[in-house]
Amino acid sequence: MSLAPGRPLRARFPIFAAMSGQPFHYLDNGATGQIVDVAADALLGFETRSRANVKRGVYGLADAATVAFDKARASMAAFLGAGSSEEIVFTSGTTMALNIVAHGLAGELRPGDRIVSSVLEHHSNIVPWQLVAGPAGAVVRAIPATGEGRLDLDALAAMVDERTRIVSVTHVSNVTGAVSDIARIRALAPDAILVVDGAQRAPHGPLDVQAMGCDFYALSSHKMFGPTGAGVLWGRGERLDALPPFLGGGEMIRRVSFDGTSYARPPHRFEAGTPPIGPVLGMAAAARWLMQQDWSAWAAHEKRLGERLLNGLAAIDGVRVHGPQGLQERLGIVAFEVDGVHAHDVCQMLGDRGVCLRGGHHCAQPLMERFDVAATARASLAPYSDADDVDALLQGLPEVIGRLR
Ligand code: PLP
(Lines give C-alpha, C1' and ligand atoms only; values in the text may rest on other atoms or scores of the structure.)
Protein backbone atom coordinates (compact mmCIF):
# COMPACT_ATOMS: atom_id res chain seq x y z
CA MET A 1 0.00 0.00 0.00
CA SER A 2 1.19 3.52 -0.77
CA LEU A 3 1.40 5.67 2.40
CA ALA A 4 0.96 9.43 2.27
CA PRO A 5 4.29 11.30 2.11
CA GLY A 6 5.48 13.13 5.20
CA ARG A 7 4.98 11.82 8.73
CA PRO A 8 2.83 8.74 7.82
CA LEU A 9 5.60 7.41 5.59
CA ARG A 10 8.06 7.36 8.50
CA ALA A 11 6.45 4.12 9.66
CA ARG A 12 8.39 2.43 6.85
CA PHE A 13 11.80 3.82 7.86
CA PRO A 14 13.30 2.20 11.01
CA ILE A 15 15.56 5.19 11.73
CA PHE A 16 12.60 7.25 12.96
CA ALA A 17 11.69 4.72 15.67
CA ALA A 18 15.36 4.42 16.60
CA MET A 19 15.66 8.20 17.01
CA SER A 20 12.33 8.74 18.75
CA GLY A 21 12.48 10.69 21.99
CA GLN A 22 15.11 13.08 20.70
CA PRO A 23 14.91 15.96 18.23
CA PHE A 24 15.56 14.51 14.78
CA HIS A 25 15.04 16.51 11.59
CA TYR A 26 16.84 14.63 8.87
CA LEU A 27 17.54 17.01 5.99
CA ASP A 28 20.69 15.37 4.61
CA ASN A 29 19.05 13.10 2.06
CA GLY A 30 21.34 14.34 -0.70
CA ALA A 31 24.23 12.69 1.12
CA THR A 32 22.31 9.52 1.91
CA GLY A 33 18.66 8.61 2.24
CA GLN A 34 17.40 6.49 5.12
CA ILE A 35 16.81 2.79 4.49
CA VAL A 36 13.24 1.60 3.90
CA ASP A 37 12.12 -1.45 5.92
CA VAL A 38 11.81 -3.82 2.94
CA ALA A 39 15.37 -3.03 1.88
CA ALA A 40 16.71 -3.57 5.40
CA ASP A 41 14.79 -6.87 5.61
CA ALA A 42 16.19 -8.05 2.27
CA LEU A 43 19.75 -7.17 3.30
CA LEU A 44 19.55 -8.77 6.72
CA GLY A 45 17.50 -11.74 5.49
CA PHE A 46 20.19 -12.60 2.97
CA GLU A 47 23.08 -12.15 5.39
CA THR A 48 21.51 -14.14 8.22
CA ARG A 49 19.22 -16.72 6.60
CA SER A 50 20.14 -17.30 2.98
CA ARG A 51 23.76 -16.32 2.47
CA ALA A 52 25.78 -18.08 -0.21
CA ASN A 53 27.91 -16.78 -3.04
CA VAL A 54 26.18 -16.16 -6.37
CA LYS A 55 26.87 -17.41 -9.88
CA ARG A 56 28.94 -20.46 -8.95
CA GLY A 57 27.19 -22.81 -6.52
CA VAL A 58 25.11 -25.84 -7.48
CA TYR A 59 23.60 -26.67 -4.09
CA GLY A 60 20.22 -25.31 -2.99
CA LEU A 61 21.29 -22.30 -0.95
CA ALA A 62 23.69 -21.05 -3.63
CA ASP A 63 21.14 -21.59 -6.34
CA ALA A 64 18.54 -19.60 -4.39
CA ALA A 65 21.04 -16.75 -3.91
CA THR A 66 21.71 -16.68 -7.66
CA VAL A 67 18.00 -16.69 -8.45
CA ALA A 68 17.46 -13.77 -6.02
CA PHE A 69 20.40 -11.90 -7.57
CA ASP A 70 18.96 -12.38 -11.07
CA LYS A 71 15.58 -11.16 -9.84
CA ALA A 72 17.29 -8.06 -8.42
CA ARG A 73 18.75 -7.38 -11.87
CA ALA A 74 15.30 -7.62 -13.43
CA SER A 75 13.89 -5.24 -10.77
CA MET A 76 16.58 -2.66 -11.44
CA ALA A 77 15.99 -3.00 -15.19
CA ALA A 78 12.30 -2.24 -14.59
CA PHE A 79 13.13 0.71 -12.32
CA LEU A 80 15.43 2.24 -14.93
CA GLY A 81 13.29 1.38 -17.96
CA ALA A 82 16.18 -0.64 -19.42
CA GLY A 83 15.85 -2.71 -22.58
CA SER A 84 16.88 -5.89 -20.74
CA SER A 85 18.40 -7.17 -17.50
CA GLU A 86 21.71 -7.68 -19.33
CA GLU A 87 22.03 -3.89 -19.47
CA ILE A 88 22.22 -3.68 -15.66
CA VAL A 89 25.72 -3.80 -14.18
CA PHE A 90 25.91 -4.02 -10.41
CA THR A 91 28.52 -1.71 -8.92
CA SER A 92 29.39 -0.35 -5.49
CA GLY A 93 27.71 2.95 -6.36
CA THR A 94 27.66 5.88 -8.76
CA THR A 95 31.37 6.59 -8.36
CA MET A 96 32.34 3.07 -9.42
CA ALA A 97 29.80 3.15 -12.27
CA LEU A 98 31.29 6.35 -13.69
CA ASN A 99 34.82 4.96 -13.34
CA ILE A 100 33.83 1.80 -15.23
CA VAL A 101 32.57 3.93 -18.13
CA ALA A 102 35.48 6.39 -18.13
CA HIS A 103 38.20 3.73 -17.94
CA GLY A 104 36.33 1.54 -20.42
CA LEU A 105 36.18 4.34 -22.97
CA ALA A 106 39.79 5.40 -22.40
CA GLY A 107 41.11 3.24 -25.24
CA GLU A 108 38.89 5.05 -27.76
CA LEU A 109 40.28 8.49 -26.94
CA ARG A 110 42.73 10.14 -29.33
CA PRO A 111 44.86 13.28 -28.84
CA GLY A 112 42.67 16.36 -29.17
CA ASP A 113 39.42 14.51 -28.47
CA ARG A 114 37.05 16.32 -26.17
CA ILE A 115 35.15 15.12 -23.16
CA VAL A 116 32.48 17.55 -21.97
CA SER A 117 31.58 17.53 -18.31
CA SER A 118 30.12 20.51 -16.42
CA VAL A 119 30.72 22.98 -13.64
CA LEU A 120 27.70 21.49 -11.86
CA GLU A 121 29.21 18.03 -11.47
CA HIS A 122 30.04 16.06 -8.37
CA HIS A 123 33.77 15.29 -8.38
CA SER A 124 32.94 11.69 -9.29
CA ASN A 125 31.84 12.93 -12.71
CA ILE A 126 34.94 15.07 -13.24
CA VAL A 127 37.98 13.27 -11.85
CA PRO A 128 37.51 9.90 -13.67
CA TRP A 129 37.41 11.81 -16.98
CA GLN A 130 40.56 13.73 -16.07
CA LEU A 131 42.28 10.44 -15.18
CA VAL A 132 41.64 8.98 -18.64
CA ALA A 133 41.92 12.19 -20.69
CA GLY A 134 45.48 13.04 -19.59
CA PRO A 135 47.29 9.93 -20.86
CA ALA A 136 45.28 9.97 -24.11
CA GLY A 137 45.99 13.63 -24.82
CA ALA A 138 42.26 14.35 -24.73
CA VAL A 139 40.80 17.45 -23.14
CA VAL A 140 38.08 17.75 -20.49
CA ARG A 141 35.94 20.84 -20.95
CA ALA A 142 33.15 22.06 -18.68
CA ILE A 143 29.70 23.32 -19.57
CA PRO A 144 29.38 26.52 -17.54
CA ALA A 145 26.68 27.02 -14.93
CA THR A 146 24.16 29.86 -15.18
CA GLY A 147 23.92 32.32 -12.30
CA GLU A 148 21.10 30.33 -10.78
CA GLY A 149 23.04 27.07 -10.92
CA ARG A 150 21.71 25.33 -14.01
CA LEU A 151 23.62 23.92 -16.96
CA ASP A 152 24.13 26.65 -19.56
CA LEU A 153 22.92 24.69 -22.58
CA ASP A 154 23.39 27.63 -24.98
CA ALA A 155 27.07 27.41 -24.09
CA LEU A 156 26.98 23.66 -24.72
CA ALA A 157 25.51 24.31 -28.17
CA ALA A 158 28.55 26.45 -28.96
CA MET A 159 31.01 23.92 -27.47
CA VAL A 160 30.04 20.72 -29.28
CA ASP A 161 32.13 19.91 -32.31
CA GLU A 162 33.29 16.84 -34.27
CA ARG A 163 36.01 16.17 -31.65
CA THR A 164 33.43 15.91 -28.85
CA ARG A 165 33.44 12.19 -28.08
CA ILE A 166 31.78 12.08 -24.67
CA VAL A 167 29.31 14.30 -22.81
CA SER A 168 28.88 13.39 -19.13
CA VAL A 169 26.45 15.41 -17.03
CA THR A 170 24.44 15.17 -13.88
CA HIS A 171 20.70 14.55 -14.09
CA VAL A 172 20.13 16.59 -10.91
CA SER A 173 22.68 18.85 -9.22
CA ASN A 174 23.54 17.77 -5.70
CA VAL A 175 24.00 21.46 -4.78
CA THR A 176 21.33 23.47 -6.59
CA GLY A 177 18.73 20.74 -7.18
CA ALA A 178 18.50 21.87 -10.84
CA VAL A 179 17.18 19.15 -13.17
CA SER A 180 19.11 18.86 -16.43
CA ASP A 181 17.26 18.69 -19.74
CA ILE A 182 18.81 15.41 -20.92
CA ALA A 183 16.71 15.26 -24.09
CA ARG A 184 18.00 18.68 -25.16
CA ILE A 185 21.59 17.70 -24.34
CA ARG A 186 21.12 14.59 -26.49
CA ALA A 187 19.84 16.78 -29.34
CA LEU A 188 22.76 19.19 -28.99
CA ALA A 189 25.38 16.42 -29.06
CA PRO A 190 23.83 13.71 -31.23
CA ASP A 191 27.11 11.96 -32.02
CA ALA A 192 28.66 11.97 -28.56
CA ILE A 193 28.46 9.16 -26.02
CA LEU A 194 26.07 10.58 -23.43
CA VAL A 195 26.69 9.59 -19.80
CA VAL A 196 24.27 10.67 -17.06
CA ASP A 197 24.99 10.75 -13.34
CA GLY A 198 21.62 9.88 -11.82
CA ALA A 199 22.70 9.74 -8.15
CA GLN A 200 20.38 12.55 -7.06
CA ARG A 201 17.54 11.71 -9.44
CA ALA A 202 17.07 8.06 -8.53
CA PRO A 203 15.24 8.69 -5.21
CA HIS A 204 12.62 10.70 -7.07
CA GLY A 205 10.93 7.86 -8.89
CA PRO A 206 11.29 5.31 -11.66
CA LEU A 207 13.24 6.31 -14.75
CA ASP A 208 13.05 5.82 -18.49
CA VAL A 209 16.66 5.75 -19.65
CA GLN A 210 15.73 4.66 -23.14
CA ALA A 211 13.40 7.62 -23.70
CA MET A 212 16.04 9.94 -22.24
CA GLY A 213 18.35 9.02 -25.08
CA CYS A 214 21.50 8.58 -23.01
CA ASP A 215 24.04 5.78 -23.42
CA PHE A 216 25.02 5.21 -19.80
CA TYR A 217 23.26 6.01 -16.52
CA ALA A 218 24.67 5.68 -12.99
CA LEU A 219 22.94 5.52 -9.60
CA SER A 220 23.61 4.64 -5.94
CA SER A 221 21.42 2.43 -3.76
CA HIS A 222 21.98 4.40 -0.55
CA LYS A 223 20.48 7.55 -2.04
CA MET A 224 17.30 5.71 -3.10
CA PHE A 225 16.50 4.23 0.33
CA GLY A 226 18.50 1.03 -0.15
CA PRO A 227 21.63 -0.14 1.71
CA THR A 228 25.07 1.41 1.28
CA GLY A 229 27.59 -0.41 -0.90
CA ALA A 230 25.59 -1.03 -4.09
CA GLY A 231 24.69 0.82 -7.25
CA VAL A 232 23.96 0.37 -10.93
CA LEU A 233 25.58 1.22 -14.19
CA TRP A 234 23.03 0.99 -16.97
CA GLY A 235 24.43 0.88 -20.48
CA ARG A 236 22.61 0.68 -23.80
CA GLY A 237 23.14 -2.88 -25.07
CA GLU A 238 25.45 -2.10 -27.97
CA ARG A 239 27.47 0.35 -25.87
CA LEU A 240 28.07 -2.20 -23.10
CA ASP A 241 28.94 -4.84 -25.68
CA ALA A 242 31.67 -2.57 -27.04
CA LEU A 243 33.05 -1.54 -23.63
CA PRO A 244 36.20 -3.30 -22.37
CA PRO A 245 36.38 -4.23 -18.67
CA PHE A 246 37.86 -1.91 -16.07
CA LEU A 247 38.50 -4.35 -13.21
CA GLY A 248 39.86 -7.85 -13.71
CA GLY A 249 39.25 -10.92 -11.55
CA GLY A 250 36.90 -13.82 -11.05
CA GLU A 251 33.49 -14.02 -12.70
CA MET A 252 34.25 -11.50 -15.47
CA ILE A 253 36.03 -13.93 -17.78
CA ARG A 254 35.13 -16.51 -20.39
CA ARG A 255 38.52 -18.24 -20.33
CA VAL A 256 41.80 -17.41 -18.61
CA SER A 257 45.13 -18.51 -19.97
CA PHE A 258 48.65 -17.09 -19.97
CA ASP A 259 48.36 -17.01 -23.74
CA GLY A 260 45.45 -14.59 -23.51
CA THR A 261 42.23 -14.16 -21.58
CA SER A 262 38.77 -13.65 -23.04
CA TYR A 263 35.99 -11.88 -21.22
CA ALA A 264 32.42 -12.70 -20.33
CA ARG A 265 29.52 -10.90 -21.95
CA PRO A 266 27.99 -7.87 -20.21
CA PRO A 267 26.95 -7.41 -17.49
CA HIS A 268 29.33 -10.03 -15.99
CA ARG A 269 32.35 -8.55 -17.77
CA PHE A 270 32.06 -5.56 -15.44
CA GLU A 271 31.40 -7.45 -12.21
CA ALA A 272 34.79 -8.84 -11.19
CA GLY A 273 34.86 -10.61 -7.84
CA THR A 274 32.10 -11.32 -5.36
CA PRO A 275 29.46 -8.61 -5.79
CA PRO A 276 27.84 -6.79 -2.85
CA ILE A 277 25.04 -9.38 -2.80
CA GLY A 278 23.12 -8.28 0.30
CA PRO A 279 23.22 -4.58 -0.65
CA VAL A 280 22.12 -5.44 -4.21
CA LEU A 281 19.13 -7.43 -2.90
CA GLY A 282 18.28 -4.53 -0.59
CA MET A 283 18.59 -2.00 -3.42
CA ALA A 284 16.24 -4.05 -5.60
CA ALA A 285 13.70 -4.30 -2.76
CA ALA A 286 13.85 -0.50 -2.40
CA ALA A 287 13.37 -0.10 -6.16
CA ARG A 288 10.34 -2.42 -6.19
CA TRP A 289 8.89 -0.47 -3.28
CA LEU A 290 9.55 2.85 -5.02
CA MET A 291 7.80 1.60 -8.14
CA GLN A 292 4.60 1.04 -6.12
CA GLN A 293 4.41 4.59 -4.73
CA ASP A 294 2.09 7.42 -5.73
CA TRP A 295 4.65 9.63 -7.41
CA SER A 296 2.33 12.53 -8.16
CA ALA A 297 1.49 12.80 -4.42
CA TRP A 298 5.18 12.58 -3.51
CA ALA A 299 6.18 15.23 -6.07
CA ALA A 300 3.43 17.60 -4.86
CA HIS A 301 4.59 17.08 -1.26
CA GLU A 302 8.21 17.81 -2.14
CA LYS A 303 7.16 20.93 -4.05
CA ARG A 304 5.11 22.24 -1.10
CA LEU A 305 7.97 21.65 1.33
CA GLY A 306 10.53 23.06 -1.09
CA GLU A 307 8.51 26.26 -1.45
CA ARG A 308 8.16 26.53 2.33
CA LEU A 309 11.92 26.15 2.67
CA LEU A 310 12.84 28.58 -0.12
CA ASN A 311 10.35 31.23 1.05
CA GLY A 312 11.45 30.83 4.66
CA LEU A 313 15.14 31.17 3.80
CA ALA A 314 14.43 34.22 1.63
CA ALA A 315 12.85 35.92 4.65
CA ILE A 316 15.93 35.50 6.89
CA ASP A 317 18.36 38.40 6.82
CA GLY A 318 21.80 37.60 5.44
CA VAL A 319 20.84 34.22 3.93
CA ARG A 320 21.44 33.64 0.24
CA VAL A 321 20.24 30.58 -1.65
CA HIS A 322 22.50 29.31 -4.43
CA GLY A 323 20.21 27.70 -6.96
CA PRO A 324 16.99 28.35 -8.83
CA GLN A 325 14.59 30.50 -6.80
CA GLY A 326 11.52 28.48 -7.79
CA LEU A 327 10.64 24.78 -7.89
CA GLN A 328 10.41 24.64 -11.68
CA GLU A 329 12.72 21.91 -13.04
CA ARG A 330 14.35 21.69 -9.62
CA LEU A 331 14.15 19.18 -6.80
CA GLY A 332 14.18 19.78 -3.05
CA ILE A 333 17.91 20.26 -2.63
CA VAL A 334 18.66 23.74 -1.31
CA ALA A 335 22.16 25.13 -0.75
CA PHE A 336 22.52 28.39 1.13
CA GLU A 337 25.16 30.73 2.45
CA VAL A 338 24.94 32.89 5.56
CA ASP A 339 26.74 36.25 5.40
CA GLY A 340 29.80 36.30 7.62
CA VAL A 341 29.26 32.80 9.06
CA HIS A 342 30.95 29.57 7.97
CA ALA A 343 28.65 26.80 6.75
CA HIS A 344 30.25 24.28 9.10
CA ASP A 345 29.41 26.41 12.13
CA VAL A 346 25.80 26.79 10.97
CA CYS A 347 25.48 23.02 10.43
CA GLN A 348 27.16 22.16 13.73
CA MET A 349 24.91 24.42 15.80
CA LEU A 350 21.78 23.29 13.99
CA GLY A 351 23.01 19.71 14.39
CA ASP A 352 23.06 20.25 18.15
CA ARG A 353 19.32 20.94 17.84
CA GLY A 354 18.70 17.78 15.85
CA VAL A 355 18.59 19.48 12.44
CA CYS A 356 20.77 17.37 10.16
CA LEU A 357 22.24 19.40 7.30
CA ARG A 358 25.40 19.10 5.26
CA GLY A 359 28.00 21.86 5.15
CA GLY A 360 31.00 22.03 2.86
CA HIS A 361 31.83 22.04 -0.82
CA HIS A 362 29.58 19.01 -1.46
CA CYS A 363 32.27 17.43 -3.68
CA ALA A 364 31.51 20.20 -6.17
CA GLN A 365 34.44 22.58 -5.88
CA PRO A 366 34.14 24.00 -9.43
CA LEU A 367 30.56 25.04 -8.61
CA MET A 368 31.66 26.60 -5.32
CA GLU A 369 34.21 28.57 -7.32
CA ARG A 370 31.48 29.64 -9.75
CA PHE A 371 29.42 30.90 -6.81
CA ASP A 372 32.55 32.41 -5.27
CA VAL A 373 32.07 30.63 -1.95
CA ALA A 374 34.26 28.14 -0.07
CA ALA A 375 31.31 26.17 1.26
CA THR A 376 27.54 26.26 1.70
CA ALA A 377 25.02 24.64 4.01
CA ARG A 378 22.59 22.29 2.25
CA ALA A 379 19.16 20.99 3.17
CA SER A 380 17.84 18.13 1.06
CA LEU A 381 14.31 16.72 1.29
CA ALA A 382 12.93 13.19 1.05
CA PRO A 383 9.33 11.94 0.87
CA TYR A 384 9.37 11.35 4.67
CA SER A 385 10.38 14.97 5.31
CA ASP A 386 7.65 17.09 6.83
CA ALA A 387 6.86 20.73 7.58
CA ASP A 388 8.19 20.29 11.13
CA ASP A 389 11.65 19.49 9.71
CA VAL A 390 11.65 22.58 7.53
CA ASP A 391 10.32 24.72 10.39
CA ALA A 392 12.97 23.42 12.78
CA LEU A 393 15.58 24.69 10.31
CA LEU A 394 13.81 28.00 9.68
CA GLN A 395 13.28 28.68 13.39
CA GLY A 396 16.76 27.57 14.45
CA LEU A 397 18.70 29.42 11.77
CA PRO A 398 18.07 33.03 12.93
CA GLU A 399 19.03 32.08 16.50
CA VAL A 400 22.19 30.37 15.31
CA ILE A 401 23.10 33.33 13.15
CA GLY A 402 22.51 35.66 16.10
CA ARG A 403 24.92 33.65 18.27
CA LEU A 404 27.58 33.24 15.61
CA ARG A 405 27.75 36.85 14.49
N1 PLP B 1 27.00 12.15 -8.15
C2 PLP B 1 26.23 12.95 -7.41
C3 PLP B 1 25.40 13.99 -8.09
C4 PLP B 1 26.21 12.80 -6.03
O5 PLP B 1 25.44 13.60 -5.29
C6 PLP B 1 27.01 11.80 -5.43
C7 PLP B 1 27.05 11.65 -3.97
O8 PLP B 1 26.75 12.54 -3.22
C9 PLP B 1 27.77 10.99 -6.26
C10 PLP B 1 27.75 11.19 -7.61
C11 PLP B 1 28.62 9.89 -5.69
O12 PLP B 1 27.83 8.88 -5.20
P13 PLP B 1 28.47 7.65 -4.40
O14 PLP B 1 29.30 8.27 -3.31
O15 PLP B 1 27.29 6.92 -3.88
O16 PLP B 1 29.28 6.87 -5.35
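Helical content of the chain, expressed as a calculated mean residue ellipticity at 222 nm, amounts to -11500 deg cm²/dmol (DSSP H runs of 4 or more residues, -39,500 (n - 2.57) each, divided by residue number, nearest 500). Peptide packing for 181-187, 211-217, 108-114 was compared via the average number of neighbouring C-beta atoms within 10 Å per residue; ordered from the highest value, the list is 211-217, 181-187, 108-114.
The share of Cα pairs per 5 Å bin across region 40-291, counted from zero up to the longest distance, runs 1, 6, 14, 17, 19, 16, 12, 7, 4, 2, 1, 0 percent.
Inter-label distance, residue 53 to residue 123: 3.4 nm, where each label sits 7 Å from its Cα along the C-beta direction. Beta bridges from DSSP with both residues in the chain: antiparallel share about 60 percent, rounded to the nearest 5.
Relative to the current alpha-carbon distance between residue 365 and residue 85, full extension at 0.36 nm per residue lengthens the span by 97.2 nm. Per-residue Karplus couplings for region 242-249, computed as 6.51 cos²θ - 1.76 cosθ + 1.60 with θ equal to phi - 60°, are listed in order as 7, 8, x, x, 9, 10, x, x Hz, Gly and Pro entered as x.
Comparing 256, 54, 280 in a Gaussian network model of the chain, where Cα atoms under 10 Å apart are tied by springs, the biggest mean-square fluctuation is seen for 256. Please state, as a whole number in µm²/s, the translational diffusion coefficient that the Stokes-Einstein equation yields for region 54-145 at 10 °C and 1.306 mPa s, with Rh defined as the Kirkwood radius across alpha carbon pairs. The diffusion coefficient I find is 102 µm²/s. Rounded to the nearest 0.05, the FRET efficiency derived from the C-beta distance between residue 110 and residue 344 at R0 = 30 Å is 0.10.
The shape of region 311-405 comes out rounded: with a ≥ b ≥ c from the C-alpha gyration tensor, a/c is under 1.5.
Using C-alpha pairs under 8 Å with a sequence gap of at least 6, the mean separation divided by the residue count of region 40-291 gives a relative contact order of 26 percent. Scalar couplings 3J(HN,Hα) for region 57-63, obtained by applying the Karplus form with A = 6.51, B = -1.76, C = 1.60 to θ = phi - 60°, are x, 10, 7, x, 5, 5, 5 Hz; x denotes Gly and Pro.
Mind ranking 347, 356 by accessible surface for me, highest first, 1.4 Å probe?
Working: 347 20, 356 40 Å².
The most accessible residue leads, giving 356, 347.
As an equivalent ellipsoid, region 200-249 spans semi-axes of 22, 17, 6 angstrom, where each value is the square root of five times an eigenvalue of the C-alpha gyration tensor, largest first. Most tightly packed first, judged by the mean number of other beta-carbon atoms within 10 Å of their residues, the peptides 87-98, 243-254 read 87-98, 243-254.
Amide H contacts of residue 170: 197, each under 5 Å away and 5 or more positions distant or on a separate chain (H built 1.01 Å from N in the peptide plane; Pro and chain starts excluded). Taking a ≥ b ≥ c as the square roots of the eigenvalues of the Cα gyration tensor, an a/c ratio of 1.5 or more together with a/b no larger than b/c marks region 1-106 as oblate.
Quick check: net charge around residue 181, other residues with Cβ under 13 Å of its Cβ, Lys/Arg +1 and Asp/Glu -1?
Here the charged neighbours net out to +2.
For region 80-129, the share of alpha carbon pairs falling in successive 10 Å distance bins from zero is 21, 44, 32, 4 percent. Between the residues 36, 394, 203, the greatest Cα displacement towards the positive end of the dipole of the chain, with unit charges on the Cβ of Lys, Arg, Asp and Glu, is found for 36.
3J(HN,Hα) along region 331-346, derived from phi through the Karplus expression 6.51 cos²θ - 1.76 cosθ + 1.60 where θ = phi - 60°, amounts to 9, x, 10, 10, 9, 9, 10, 10, 3, x, 10, 6, 4, 5, 5, 4 Hz, with x in place of Gly and Pro. The charge dipole of the chain, taken about its Cα centre with unit charges on the Cβ atoms of Lys, Arg (+1), Asp and Glu (-1) only, comes to about 720 debye.
Give, in nm to one decimal, the length gained when the segment between residue 274 and residue 184 is fully stretched (0.36 nm per residue of separation minus the Cα-Cα distance).
28.5 nm
If R0 equals 30 Å, the separation of the Cβ atoms of residue 255 and residue 210 corresponds to a calculated FRET efficiency of about 0.35.
The largest accessible area among 176, 32 belongs to the first residue in 32, 176, and the rest follow in falling order (1.4 Å probe, all chains).
Under a 5 Å amide H cut-off, with hydrogens placed 1.01 Å from N, residue 358 pairs with 378 among residues at least 5 apart or on other chains. Loop-located chymotrypsin sites (Phe, Trp or Tyr not before Pro) across region 253-362 with a Cβ neighbour count of 11 or fewer within 10 Å are 258, with loop assigned by DSSP.
The values are calculated or read from the model by the stated rules, or taken from the named source; none is laboratory data. Since this is a predicted model, take the numbers as computed values, not measurements. Virtual Cβ from ideal backbone geometry, glycine too; neighbours counted across all protein chains shown. Calculation scope for accessible area: heavy atoms of the full protein, side chains included, ligands and nucleic acids excluded. Shrake-Rupley method; radii C 1.70, N 1.55, O 1.52, S 1.80 Å.
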